[in-house]
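Structure first, commentary second.
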Amino acid sequence: MSQIDGLPPLREVIATHDLRAKKSLGQNFLLDLNLTAKIARQAGDLSVADVLEVGPGPGGLTRGLLAEGARKVLAIEKDSRCLPALAEIEAAYPGRLQVLSADALDIDARAHLAPPIRVVANLPYNVGTELLIRWMTPDVWPPFWESLTLMFQREVAERIVATPGSKAYGRLALMVGWRADARIVMDLPPEAFVPAPKVRSAVVHIEALPEPRFPAEAKILEAVVAKAFNQRRKMLRAALKGLVPDTESLLRDAEIDPTARAETVDIEGFCALARAVAVARA
Ligand code: SAM
């Protein structure tokens, strides 16, 4: 029995259910339940919230979340081999764990959750940034979630919290920083996972702001930012060519130097650009 619950240790669970990690599903499992409970605590008091977990795998983080008192956990797992192990956790925490056997990219979890909702996940690396961008770019704000506590490769975590002028600054920092506060709250070495990945990992905690920092339409902002950073070494007047018929006057309308490069423009500047694009296209 483990220290945080009466269930078997994760090594035993993995052996019993023959859960050999699959690379194609981004599977690197956390086996230390004290560590998963610590990750769960980064999301604050969970007894007052429903939690969405993407990719529970054999359930290490799921058990951490439940042991830390989560009101309810909705766990979405693509790999059906994990379902029997997750069913054992469901039985140990009656009525508090719901497992959906599905691809998190295809499913709208909101129907199964009651607010306030927090997202906590050790994300599969292959869908992590895609999900993050989706959670950051709904048409309406505030979003369905109040915070995201997510494990990423350390390098991706650094891109999320990056500031203008730094190498890591780009699409992730802008789309997250526009509507939320983000910080790195934990650092994990490769040995924390089985199998051990090649790189370090980090947990990022993101809290939704009640309103975006500056007005802009999410889809337009996303398109402008993607285009600007697609050729990050070019001056913006060249990088943004084709976005509207007259790129030079677009940049002047947004009060941005046409010879500036994307990595020097802050969130306020990109929002001004997105508004100028909306006006130019109207
Ligand atoms: N949460 C577990 C832990 O911390 O040990 C497992 C984390 S592992 C990095 C990622 C998990 O996401 C795997 O269990 C994998 O099967 C699952 N997964 C991968 N792609 C998925 C998708 N599109 N939708 C739902 N789950 C997915």
Could you give the angle, 0 to 90 degrees to the nearest 10, between helix 267-281's Cα long axis and the longest principal axis of the Cα atoms of the chain?
60 degrees
Are there trypsin sites (Lys or Arg not before Pro) in segment 147-213 that DSSP marks as loop and that have at most 15 other Cβ atoms within 10 Å, and which are they?
167, 198, 200, 213
Given segment 144-282, report the % of alpha carbon pairs whose separation exceeds 19 Å.
54 percent
Give the angle, between 0 and 90 degrees and rounded to the nearest 10, that separates the Cα long axis of helix 218-230 from the longest principal axis of the Cα atoms of the chain.
80 degrees
How large is ³J(HN,Hα) for each residue in segment 249-260, as worked out from phi by the Karplus curve 6.51 cos²θ - 1.76 cosθ + 1.60 (θ = phi - 60°), to whole Hz, x for Gly and Pro?
6, 4, 5, 5, 4, 8, 6, 10, 4, x, 8, 5
In terms of modelled amide H atoms, which long-range or inter-chain residues lie less than 5 Å from the amide H of residue 2?
7
Percentage, to the nearest whole number, of Cα pairs in segment 1-84 over 17 Å apart
45 percent
Non-local amide H neighbours of residue 97 (under 5 Å, H modeled in plane, Pro and chain starts lacking H): which ones?
73
What is the mean projected area of the alpha carbon convex hull for the chain, to one decimal in square nanometres?
14.8 nm²
Segment 238-281: projected area of the alpha-carbon convex hull, averaged over directions, in nm²
2.7 nm²
With unit charges on the beta carbons (Lys and Arg positive, Asp and Glu negative) and the dipole taken about the Cα centre of segment 10-208, which residue among 163, 101, 144 sits farthest to the positive side?
163
Amide H partners (placed H, <5 Å) of residue 102, local residues excluded
77, 78
If you restrict to DSSP beta bridges whose two residues both lie in the chain, what percentage is antiparallel, to the nearest 5?
50 percent
Over 21 Å (Cα to Cα) - which of 72/219; 23/167; 167/227 fall in this group:
72/219; 23/167
Carbon-plus-sulfur fraction of the accessible area of the chain, 1.4 Å probe, in percent?
51 percent
What are the ³J(HN,Hα) values, in whole Hz, obtained from phi via the Karplus relation 6.51 cos²θ - 1.76 cosθ + 1.60 with θ = phi - 60°, for each residue of segment 4-20 in sequence order, with x given for Gly and Pro?
8, 7, x, 8, x, x, 5, 4, 5, 4, 5, 5, 4, 9, 6, 8, 5
Can you tell me the accessible area per residue over segment 1-63, all protein chains present, probe 1.4 angstrom, in square angstrom?
44 Å²
Residues of segment 149-228: accessible area per residue with a 1.4 Å probe, Å²
45 Å²
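The values are calculated or read from the model by the stated rules, or taken from the named source; none is laboratory data. Here the structure is a predicted model, which means the values were calculated and not measured. Cβ coordinates were reconstructed from backbone atoms using ideal geometry, including for glycine residues, and neighbour counts include every protein chain displayed. Accessible surface areas use protein heavy atoms only, side chains included; no ligands, DNA or RNA. Shrake-Rupley method; radii C 1.70, N 1.55, O 1.52, S 1.80 Å.
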